[in-house]
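Quick note: the coordinates plus some simple rules give every number you see, no bench work behind them. What you are looking at is a predicted structure, and each value in this text was computed from that prediction instead of being measured. A quick note on method: Cβ atoms are made from the backbone with ideal geometry, for glycine too, and the neighbour counts reach across all protein chains shown.
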Amino acid sequence: MARDSELLQALARGLDVEAVLREHGVHKEDLQAALARAASALSEETPAGEAGFTLYTDGAARGNPGPAGAGFVIYKDGRMLEGQAQYLGKTTNNQAEYNALILGLTRLKEIGAARVAVRSDSELMVKQMRGEYRVKSQGLMKLVISAQKLARGFKEFSIEHIPREQNREADRMSNRAIDEFEGE
């Protein structure tokens, strides 16, 4: 296993598979076996019930401010576990984005998630959550603080900005909340 570790570390540093194999005098099959052992060891290190969850979130406001909705979808092992849509009343799009994040993180806490990867098409929210952008709006500050507090409660938390096309299901949920309210 020490040789596996050395080989994988060299690959991670160099990212030149052929050069690393030559330098360490190993064949492609040896690398494949090392990768399989590493993957197996990693899966054994993750206690049952702690596999990662992926949370897709989106908020929508028709008008800014205007009637708004929040939506999220939770995935585990590539399969959708659940989604939720909630009407928020009259609010801004950015507030709707944070409400969607808070709703999703709260639900993940309820189901006992330890490792969470969030995906959102709101660049502002993602960069504020990472500390890359300041929060200028007092109307957002309370929501940002709530979301950050929830995020710190997970063993592992990451948040990533994704293109809108990769967030269709959460977008559909946030708009569904508005549609259902307006349809009443």
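Annotation for Ile145 and Arg115: the two label points, set 7 Å from Cα along the Cα-Cβ direction, are 3.3 nm apart. Each of Ser146, Ser122 has some number of other Cβ atoms within 10 Å of its Cβ, and from fewest to most they run Ser146, Ser122. Spacing of the modelled spin labels on Arg62 and Thr106, each 7 Å from Cα toward Cβ, amounts to 2.4 nm.
A protection proxy built from the mean count of other Cβ atoms within 10 Å ranks the segments 65-72, 102-109, 130-137, most packed first, as 65-72, 102-109, 130-137. Grouping the Cα pair distances of region 53-183 into 10 Å bins from zero gives a pair-distance distribution of 14, 48, 33, 5, 0 percent in increasing distance order. From the cross-link list Lys76/Lys142; Lys109/Lys136; Lys76/Lys155; Lys76/Lys109, which pairs have alpha carbons spaced over 20 Å apart? Cα-Cα > 20 Å for Lys76/Lys142; Lys109/Lys136; rest within.
Charged side chains reduced to their Cβ positions (Lys and Arg at +1, Asp and Glu at -1) give region 53-183 a dipole of some 500 debye around its Cα centre. Neighbour counts of C-beta atoms inside 10 Å place Asp121, Asp77, Asp16, Asp179 in the sequence Asp77, Asp16, Asp179, Asp121, starting with the fewest. Of Glu165, Glu82, the sequence from fewest to most neighbouring Cβ atoms within 10 angstrom is Glu165, Glu82.
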